[in-house]
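Asks: Encoded as structure tokens, here's the structure I'll be asking about.
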Amino acid sequence: MRYLLIICFLATSLARSYAATDETCTPVPIKKVDDDIILLVNPPPKTSLIYFFTNKSEKSTFIDHPTGRGASAGWSSYLRPGNWSALALNKSNFSIHCSTIEPGKVVPLDCSKVISVCTPKNPTITTPLKGNFWLIEDKKWEGFVKALEGRGVKFEQK
């Protein structure tokens with residue numbers, strides 16, 4: 001019984017680690033500033049680019065865009081361990097902040113340690129994407145891919 005549990009744990013860990021391979025998704029250049037990361041895109045794209053986020057930590061994480069001008073209501077996204085979200089974005093040098101909630105407090109996290117960011121290779125987009133918004137939030141890989149297809153986004157998976 002113990003060996004069966006170990007095998008199940010390893011299979012789940014490997015599936016989570018290799019759901020998106022380097023052949024499916026290209027890592028995004030980032031700059032680390034304190035605990036935040038900045039997605040380095042210059043110049044700003046004319047249409048929105050698609051970014052995939054995955055939570056590689058063991059804590060549920062809130063991803064937010066600090067604006068410096070009060071609250072950025074509605075922008076924050078919740079991402080559970082091993083899950084994926086997709087962001088449509090047409091801004092350059094976009095800052096991302098990560099945190100978790102513990103009883104009675106919000107705890108900042110080092111984004112570079114808790115999330116991975118990449119862009120899909122060779123995406124096909126049937127619905128024009130304009131603006132900055134979450135396409136898909138907090139899904140397991142299989143549901144994530146299906147939800148993206150439902151939003152008109154397909155990409156090569158190897």
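Asks: With a 1.4 Å probe and all protein chains kept in place, how do GLU137, GLU23 rank by accessible area, largest first?
Replies: The ordering from most to least exposed comes out as GLU23, GLU137.
Asks: If you add up the charges near PRO45, with Lys and Arg at +1 and Asp and Glu at -1, over every other residue whose beta carbon is less than 15 angstrom from its beta carbon, what do you get?
Replies: Once all neighbours under 15 Å are counted, the net charge is +3.
Asks: Could you pull out every one of the lysines with an alpha carbon less than 16 Å from that of LYS140, ignoring same-chain neighbours closer than 8 positions?
Replies: LYS56, LYS59
Asks: Once the other residues with Cβ under 15 Å from the Cβ of ASP34 are scored (Lys, Arg +1; Asp, Glu -1), what is the net sum? Can you show the working numbers first?
Replies: On the way: positive: LYS31, LYS32, LYS113; negative: ASP35, ASP36, ASP64, ASP110.
Cβ neighbours under 15 Å give a net charge of -1.
Asks: Using all Cα-Cα distances in the stretch 72-158, what percent lands in each 5 angstrom bin from 0 up to the longest?
Replies: 3, 11, 21, 25, 19, 12, 5, 3, 1
Asks: Return the distance in nm (one decimal) between the two label points of a simple spin-label model at THR100 and LEU40, each offset 7 Å from Cα along Cα→Cβ.
Replies: About 2.8 nm separates the two model spin labels.
Asks: With a cut-off of at most 16 other beta carbons within 10 Å, and DSSP calling the residue loop, which trypsin sites (Lys or Arg not before Pro) in the stretch 86-117 qualify? Please list them.
Replies: Hits after loop and neighbour filter: LYS91.
Asks: Sticking with this structure for a sec: What is the distance, in nm, between label points placed 7 Å from the Cα along the Cα-to-Cβ direction at ASP110 and at GLU156?
Replies: In this crude label model, ASP110 to GLU156 measures out at 3.4 nm.
Asks: Ignoring ligands, DNA and RNA, what percent of the 1.4 Å accessible area of the stretch 52-158 is carbon and sulfur?
Replies: 51
The values are calculated or read from the model by the stated rules, or taken from the named source; none is laboratory data. None of these values were measured; they are calculated from a predicted model. Reconstructed Cβ throughout: ideal geometry from the backbone, glycine too, with neighbour counts over all protein chains shown. Protein only, heavy atoms only, side chains kept; ligands, DNA and RNA dropped before computing areas. Shrake-Rupley method; radii C 1.70, N 1.55, O 1.52, S 1.80 Å.
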